[in-house]
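Working notes, structure below.
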Amino acid sequence: MSRKMISLENVTRVYNQGRPNEVRPVNEVSLDIGHGEILVLKGPSGSGKTSLLALVGCMIRPTSGRILVAERDVAKLPERFLTGVRRDTFGFVFQQLHLIPGISVLENVMLPLYPLEIGFTAAKRRALELTEQLGLTHRKGFKVEALSGGERQRVAIARALINAPQAILADEPTAHLDAGLSGELMQIFETLRGQGKTVVIATHDPLVHDSPLIDRVATMRDGRILDGDG
Amino acid sequence: MGSYHLGRHLKILEFALSSMLRRRTKNLGLVLVFAALVFLLSSIVFLTGALRTEALATLEASPQLLVQRAMAGRHALIPLGYGELIARLPGVGSVTPRYWGYYYDIYTGANYTLLGIGDQGLESPGSTPLRLVEGSFIMPGQRRVCLIGEGVAEVRGTRIGGMVSLRDARGWMQEYEVIGLFASPSRLLTNDLILLPEADLKAHFGMPDDRATDLMVEVYNPHEVDNISRKILERLPDARPISHAEIQRTYETLFNWRGGLLLAMFLGAMAAFMILAWDKATGLSADERREIGILKAIGWETSDILELKLWEGAALALVAFLAGVTAGYAHVQRFGAELLMPVLEGWSTLFPAIDLAPRIDPYALGVLFSLTVVPYIVATVVPSWKAAITDPDRVMRAS
Amino acid sequence: MILHPGILGLLITAVLVLGLVLYGAYLGAIVLVRWDLDSSSEEQLALERKTYLLSTLMGHAMALEILSALIFLYTLEDIHAIFVGAMCATGTLNANPVGWWVLGAKILGLLFCAVWIVLNRIDQRAEDYPLTRLKYGLLLLLAPLLALETWLLFRFFLGLDPSVITSCCGTLFSGSGAGVGAEIAGLPAFPLMIAFFGGTAVYLAAGTLNLRQARPRLRYLLAGLSLWMLGISLASIIAFISSYHYELPTHHCPFCILQADYHYIGYPMYLTLFAATFYGLMVGIAEPLRRVASVEGVIAAAQPRWTRLSMLLFGLFVVIAAWPMVFSDFTLEGYY
Ligand SMILES: Nc1ncnc2c1ncn2[C@@H]1O[C@H](COP(=O)(O)OP(=O)(O)OP(=O)(O)O)[C@@H](O)[C@H]1O
Ligand SMILES: [Mg+2]
C-alpha cells in the first residue's frame, strides 16, 4: 500500500452535545486511507457511514480528533479554508446524484469550477474532455432530466472529476441502479484507481462490498469501525 | 485585494442569470411590482424636475424687483403714488405699473390670468418675453381685442377672429376679439394667459384709476436689489418688495413641497414592497433550497453563494429599475404624467404639456436608485445569508 | 425641512447604512465575546458563519457610503437655488452650519469603512483569523461614528430653512475676509504652488523608493506624506487650483468645481485625491500588522500594490488639477 493520503485519528462527531438528543454518528474512529485504493465503508443503516464520509471529505468538522489530508491537520480549519481543501482534493458522488435539472449536462459538469479562478473557456474544455471520457459527448447539450439512469450516474461522476480530485467519495452510489449498471459503475471506479485516484464508497449493497475490484472493506457499527484495517 | 480573477465573478454571474431565467415565472411577479414602484417614483421625480426647470426658465425673464402691497396679509392693489416715491430712490431706474388679475371661468372650470397691455406694448422693461405665433399685437388705443396663449386657444376652441367672452366685475358678459396667438419659452405661466388692452382690463376688474396690481422696478445694479427693497420697506411699510431671488425660492419650495408630498406617498408603498421582498427572499422554494445545498456540497463556499444571491438580486433590481425608469420617463414625456394629475390638480387647472428634455440625468438616476434598489438590496441581505450558510453535508441526507 | 427627492434618498440611505453597521456591530460584539477558534463546537461554527453576514453588511455599508457621499455633494449643489445668497454648495452648507460637520463626518466615516474592509479582507486570507479582535473592536468604534454622522445629517436637513439668507463662497473664500476658509484662500499662491508641486515630486519619489527598498520607516513616511499632501492639496484647491478652473483670480471656491459649468471636474478630482490618500495611508496602517505571522505575507504583497495605486491616483489628481494651469491662457501672474 502506498503512502497515507488521508488519516483519521480518534475522530468523533457529536450532534446536539449535552442535550438529551445527543448523537455520536462517528465515535473515536481511526482510519488510514492510502493513495490509489478502493475502500468500502459498510454497515447497517444509521451506523455512521455517511457521516464518516462527510468528515473524510472535509464537508464537516470533527468535534474532536485529528484529520490529516496530505499530512496537514484540517480538523480545526475554518469553513472557508476547509472548502478550499475539499475543492482541491475531493470529488463527491451522492446517493440521489443531485444533478441540477433545467441546465445542460455540460453545465452540470462544469458547476464545481464556477467559483474557482479558472476562465470559462478552460472550464468548458475540461468538461468536454470528461464527457467524452465517460461517453456522454452525444448527450452534452441535453438537460439532465432527459437522460437515462446510467447516463445520469456518469454525469455525476464527470462532475466529481472536474476539479481533478485525488479522491472520489461515493455515498450509496448503486442504490438506484440495477445490477448491470452497478457493475458498469464499479468498472469506472476501477479505471479511476488505475489513474492513481483513491475511491471511498459507503454502501450496504453486497454487489459493491463483495466485488473483487475493491481493495479493502471497513465495517461500521454504532459509529465505530469494527475491523478497520482489514 | 488578493488574487482576483474576473472569470470567477463572471461565471457566478452567468449562473445567477441562468438560474433566474429558469425561475422566471416566480421572479416575474416581483419584477412587476418593483417596476411599478420605480415607475411611480420616477414619474414623480421627472415631473417635479421638469416643472422646476420650467418655472426657473420663466423666472429668468421676470423683473428684478416687484413691489406689491399687502393688506391684512393679502395682496391688495397698489397706489400709483407709491411708484413715484420709489422712482425717486437712488439706484432705481424706471417704475412701471402692471395691471393683471385672475379670472375664474365657470364654463371650463379654468383659472385664467388676465394681463393688461399698456401703450408701450410688450416691449416694456421686464415683461414676459412672449412670442407671437400668429396674428398681431395690440396697437395703442385699440379696444375690445385680446391675445391668447396656445393653451387657452385649445381649451376654448377659438382661433384668430373668434370671440372670447368674459364676465366682468358688474356681471356683464364682454366679448373680445382674438387678434393674436402667442407662445413663450415656458408654457407653465403663459398657458393660461389672456392679454387685454390696459383700459379694458381696468374696466373689466373695476379697478380705481390710481391703482395698479403691482409695480415693476428697474434696478441698475443687481447687487443693490436687497438694499433697495429695504429702503422701500422703510418708507412704505405696507409694500411687499419681491426680489427675483425670492420668487425663485418660492417656486423651489412649492415644487419641492409638491414633490415631497408625492414622495411621502411613495414611501408607504416602498415599505410594503420591502416586506414583500424580504418575504420572497426568505421563502425559498424547496428546489431552490435543494439547489443551494447541491452547490455547497460540490464545493461552492458560503461567500460564493452570497455572491450568487447578490447577483440575482442585482439583476432583478436592475431589470425592474430600467423598466420602471423607462416607463416613468415615457409617462411624463409622452403622456404628460396623466396618472399623477389627480394629485396635482387644484394647483393649475390648465396644466401645460410638459417637454422633458430627452436627456439622462445621472443625479436623478442616482437618487431613484438610492430610493428603490438600495432598500431592496438591503432587505435581501439577511435572507441571502441564511440561504448561503446551508450545511454542505445536508444533501447527503436529503431523502 | 425641505422635501426633495435627493434629501429623502440621503436620509433613507443613511438610516439603512446605520442599520447595517449597528447590526454588524451587534454581531461583532457577540463574536468578540464568544470567539474561540480552537473550539469545534457548533457555536463556533455558527459564529464563523456570522462573519460572512458581517462582511456582507459592511461591504454594502461601504458601497452605500460612497453612493451617498456623491449624492450628498450633488444635493448640496442642487438645492442652493433655494437660499438667498447661495451660488453653490458652500451657500447650502452655510445655510445650516451643521452641514460642515456632516461633510467632515462623511469623509471620516468613509475612510474608516474603507480601512475596515481592507483589514477584513486581509484577515480572511489567514487561516487563524488573527485580526478578529481588532476588527470587531474597530467596528464598535465605527458604529457610534456612523450614528453621529446620521444624527448630524438629520439635523442638517431638518434644520435647513429656505428663509435663511446665507453667505456663499464669495465671502467664505474671499482672500481678504476672515476665517479659516478666507485665510487659506488668501495664502500667497506662488509659495503654495511650490509646496504643491514640490510635494507631489517628493511623494512620488517616496513611493518609488518604497517600491525599491523594503523598509518599514519608508512605509510610515509614505503614509505620513499622504496625509500631509491631502492637506496641501485641499489648501491648493482653495488657494489657486480652483481659480485656474474658474479662470477668475478672485474665485476660490472648492465646491463650484462640482458644477456642470466646470464639467463636474470636481468629482474626479476629489475621488482621485481621497483614494490616493487612502491607499497611501493604508501602507502605514497595515505596517504594524506585519508582526502577525499569518498575515505577514498577505500584507507584504499588498503594500507595493497600494503604493503603486496611491502614486497613480495622486498623479492623476495632479494632472486633473493642473490641467488648466498648463493648457489655458489664464494666469494668476500679477495676483501672487
Ligand atoms: N446533522 C445531524 N443531526 C443529528 N443527528 C444526525 C445528524 N447527522 C447524522 N445524524 C445521526 O447520526 C446517525 C448516523 O447517520 P448516518 O447518515 O451517518 O448513517 P448511515 O450509516 O449513512 O445510514 P444509512 O445507511 O441509512 O445512510 C443517524 O442516527 C443520524 O440520525
Ligand atoms: Mg448514509
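The values are calculated or read from the model by the stated rules, or taken from the named source; none is laboratory data. Model, not experiment: these values are computed from the prediction. Heads up, the Cβs are rebuilt from the backbone with ideal geometry, glycines too, and the neighbour counts pull from every protein chain shown.
One table, with the values for the structure above:
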{"item": "Some residue of the range A:96-105 being on the phi > 0 side of the Ramachandran plot, within 16 Å of ligand 2 (Cβ to nearest atom) and at the interface with another protein chain (Cβ under 7 Å from one of its Cβ atoms)", "result": "yes"}
{"item": "Residue match in the range A:37-56 (condition: away from ligand 2 (no atom under 16 Å from the Cβ), hydroxyl-bearing (Ser, Thr, Tyr) and buried (at least 19 other Cβ atoms within 10 Å of the Cβ))", "result": "no"}
{"item": "Residues being surrounded by fewer than 23 Cβ atoms within 10 Å (Cβ to Cβ) and in a helix (DSSP H, G or I) - total across the range A:112-122", "result": "3"}
{"item": "Restricting the range B:378-399 to residues that are surrounded by fewer than 17 Cβ atoms within 10 Å (Cβ to Cβ) and more than 14 Å from chain A (Cβ to nearest Cβ), the residue that is farthest from ligand 2 (Cβ to nearest atom)", "result": "B:Val382"}
{"item": "The lone exception for A:Pro62 - which of (1) touching a residue at least 24 places away in the same chain (Cβ under 8 Å); (2) within 13 Å of ligand 2 (Cβ to nearest atom) it fails", "result": "(2)"}
{"item": "Filtered residues of the range A:10-36 (kept if in a loop (DSSP other than H, G, I, E, B) and either within 16 Å of ligand 2 (Cβ to nearest atom) or touching a residue at least 40 places away in the same chain (Cβ under 8 Å) (or both))", "result": "A:Gln17, A:His35, A:Gly36"}
{"item": "Qualifying residues in the range C:8-65 (those that are touching a helix residue (DSSP H, G or I) at 6+ places or on another chain (Cβ under 8 Å) and not in a helix (DSSP H, G or I)) - the one nearest to the other protein chains (Cβ to nearest Cβ)", "result": "C:Leu37"}
{"item": "Whichever residue in the range A:11-45 is at positive phi, touching a strand residue (DSSP E or B) at 6+ places or on another chain (Cβ under 8 Å) and of a type in the set (Gly, Ala, Ser) and, among such residues, is farthest from ligand 1 (Cβ to nearest atom)", "result": "A:Gly36"}
{"item": "Residue, farthest from C:Ala25 (Cα to Cα), within the range C:148-173, restricted to residues that are surrounded by fewer than 16 Cβ atoms within 10 Å (Cβ to Cβ) and of a type in the set (Gly, Ala, Ser)", "result": "C:Ser163"}
{"item": "Some residue of the range A:85-95 being part of a loop (DSSP other than H, G, I, E, B), crowded, with 17+ Cβ neighbours inside 10 Å and within 16 Å of ligand 1 (Cβ to nearest atom)", "result": "yes"}
{"item": "Sole residue being away from ligand 2 (no atom under 16 Å from the Cβ) and out of contact with any strand residue (DSSP E or B) (no Cβ under 8 Å at 6 or more places or on another chain), chosen from A:Val155, A:Val85, A:Val74", "result": "A:Val155"}
{"item": "Selection count where residues are over 18 Å from the mean Cα position of the chain (by Cα) and within 13 Å of chain B (Cβ to nearest Cβ), scope the range A:47-77", "result": "1"}
{"item": "Residue match in the range A:213-220 (condition: farther than 16 Å from A:Ala158 by Cα, away from chain B (no Cβ under 14 Å), over 16 Å from the mean Cα position of the chain (by Cα) and within 16 Å of ligand 2 (Cβ to nearest atom))", "result": "yes"}
{"item": "Among the residues listed as A:Arg125, A:Arg80, the single one being assigned to a helix (DSSP H, G or I), within 8 Å of chain B (Cβ to nearest Cβ) and without any contact (Cβ under 8 Å) to a residue 12 or more places away in the chain", "result": "A:Arg80"}
{"item": "Members of the range A:37-53 found to be assigned to a helix (DSSP H, G or I) and of a type in the set (D, E, K, R), listed by number", "result": "A:Lys49"}
{"item": "Tally, over the range A:111-147, of residues that are at pLDDT 90 or above and among the aromatic types (Phe, Trp, Tyr)", "result": "2"}
{"item": "Flag if B:Leu339 is at pLDDT below 90, of a type in the set (A, V, I, L, M) and away from ligand 2 (no atom under 16 Å from the Cβ)", "result": "yes"}
{"item": "Counted residues, the range A:131-187 - those being surrounded by fewer than 17 Cβ atoms within 10 Å (Cβ to Cβ) and at positive phi", "result": "2"}
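Per-residue answers, yes or no, for (1) surrounded by fewer than 18 Cβ atoms within 10 Å (Cβ to Cβ); (2) of a type outside the set (S, T, N, Q); (3) more than 30 Å from B:Arg52 (Cα to Cα):
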{"site": "C:Gly6", "(1), (2), (3)": "no, yes, no"}
{"site": "C:Leu16", "(1), (2), (3)": "no, yes, no"}
{"site": "C:Gly19", "(1), (2), (3)": "yes, yes, yes"}
{"site": "C:Gly24", "(1), (2), (3)": "no, yes, yes"}
{"site": "C:Ala29", "(1), (2), (3)": "yes, yes, yes"}
{"site": "C:Leu37", "(1), (2), (3)": "yes, yes, yes"}
{"site": "C:Ala46", "(1), (2), (3)": "yes, yes, yes"}
{"site": "C:Thr51", "(1), (2), (3)": "no, no, yes"}
{"site": "C:Thr56", "(1), (2), (3)": "no, no, yes"}
